[in-house]
1. Against the condition modelled with pLDDT of 95 or more, open to solvent by less than 20 Å² (accessible area, probe 1.4 Å) and not in a helix (DSSP H, G or I), how does Thr89 come out, does it pass?
2. State whether one or more residues within region 38-54 are open to solvent by less than 40 Å² (accessible area, probe 1.4 Å), in contact with a strand residue (DSSP E or B) (Cβ under 6 Å, 6 or more places away or on another chain), of a type in the set (Gly, Ala, Ser) and away from the ligand (no atom under 11 Å from the Cβ).
3. Hey, can you tell me all the residues within region 70-93 that are over 28 Å from Glu145 (Cβ atoms) and either within 10 Å of the ligand (Cβ to nearest atom) or within 14 Å of the chain's Cα centre (by Cα) (or both)?
4. Could you please tell me which pairs satisfy a Cβ distance under 6 Å, a separation of 6+ or placement on different chains, a first residue in region 17-29 that is free of Cβ contacts under 8 Å to residues at least 24 places away in the same chain, and a second residue that is part of a loop (DSSP other than H, G, I, E, B) and more than 6 Å from the ligand (Cβ to nearest atom)?
5. Hey, could you check region 94-116 for residues that are part of a helix (DSSP H, G or I) and of a type in the set (D, E, K, R) and say which is farthest from the chain's Cα centre (by Cα)?
6. Mind checking which residues of region 69-85 are open to solvent by 40 Å² or more (accessible area, probe 1.4 Å) and touching a residue at least 40 places away in the same chain (Cβ under 8 Å)?
7. Would you confirm, using the coordinates I've provided, whether Leu144 is open to solvent by less than 30 Å² (accessible area, probe 1.4 Å) and not in a strand (DSSP E or B)?
8. Given the conditions (1) away from the ligand (no atom under 16 Å from the Cβ); (2) open to solvent by 80 Å² or more (accessible area, probe 1.4 Å), which single one is not true for Asp138?
Amino acid sequence: YLRDTVQGETDRRMKVYFCGSIRGGRDDVLLYRKIVEKLQSYGTVLTEHVSSTELSDRGEDASAAGDRAIHDRDVDWLRQSDVVVAEVTQPSLGVGYELGRAVDMKKKIFCLFRPSSGRCLSAMIRGADDGGLFVVRDYSEDELENVLEETQGNPTKT
Ligand SMILES: O=c1[nH]c(=O)n([C@H]2C[C@H](O)[C@@H](COP(=O)(O)O)O2)cc1CO
C-alpha cells in the first residue's frame, strides 16, 4: 500500500512534481506523457500539464496568468510535493532551476537521462547525484516501465 500513499499517512496520496522541458523544446513530450501516466499509478502528479501535447514551446498562456504566476504556482507545488521526478535529456533552464530549488528544499529527487540522445548531461545535474536524496538514472526508452519500478531510486520507496 506504500505505492499510492505517503509513508505514515495512509489517508493521502503521494504528490509527485514532474519536471520536463517546455520552452527548452518539446521534442520529448510523448515520453513525458508515458512517464506521467506511470507516475499517476503511484500518486497525484501536480504538473500534469508538462506532459500535454497541447502545450507548445511557448509555454502556458502567459498573457492570462503571467510568468510570475506560473513561477509562483510551480514553486508552491514543489514545496507541497513528496518527490520530484525529472526527465532531463532535453536541456531546460526551468527544469534546472526547479531541481536546484528542490535540492534546497531537501526533496527526494529522481532524474532520468537518455544517453542514446548523444547529449552529455550537465555536470550540475549528474554531479548532484549523492546516491541518497538525489539520484540520476540513465535509461533507454524501452526500459521506462522498469526504471520507475526499481527499488534503487524508486520515487515511491522512502
Ligand atoms: O509555461 C510553463 N509552465 C510551467 O509549469 N513551467 C515549468 C514546468 C517545467 O518542468 C519547467 C520547464 O521549463 P522551461 O520552459 O524553461 O523548459 O518549468 C514552465 C513554463 C514555461 O517556461
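The values are calculated or read from the model by the stated rules, or taken from the named source; none is laboratory data. Owing to the predicted nature of the structure, the values given are computational and were not obtained by experimental measurement. Cβ: placed from backbone, ideal geometry, glycine included. Neighbour counts: every protein chain shown. To get the accessible areas, we keep the full protein, side chains included, count just its heavy atoms, and leave off ligands, DNA and RNA. Shrake-Rupley method; radii C 1.70, N 1.55, O 1.52, S 1.80 Å.
1. In short, yes.
2. Among the residues of region 38-54, at least one is open to solvent by less than 40 Å² (accessible area, probe 1.4 Å), in contact with a strand residue (DSSP E or B) (Cβ under 6 Å, 6 or more places away or on another chain), of a type in the set (Gly, Ala, Ser) and away from the ligand (no atom under 11 Å from the Cβ), which makes the answer yes.
3. Ile70, His71, Arg73, Val75, Arg79, Leu93
4. none
5. Applying the first criterion (part of a helix (DSSP H, G or I)) to region 94-116 yields 94-104, 115-116.
With of a type in the set (D, E, K, R) added as a condition, the list becomes 98, 101, 104.
Numbers: Glu98: 9, Arg101: 13, Asp104: 16 Å.
Only one residue tops the list, namely Asp104.
6. If the condition is that a residue be open to solvent by 40 Å² or more (accessible area, probe 1.4 Å) and touching a residue at least 40 places away in the same chain (Cβ under 8 Å), then Trp77, Gln80, Asp82 are the ones that fit.
7. Answer is yes for this residue.
8. (2)
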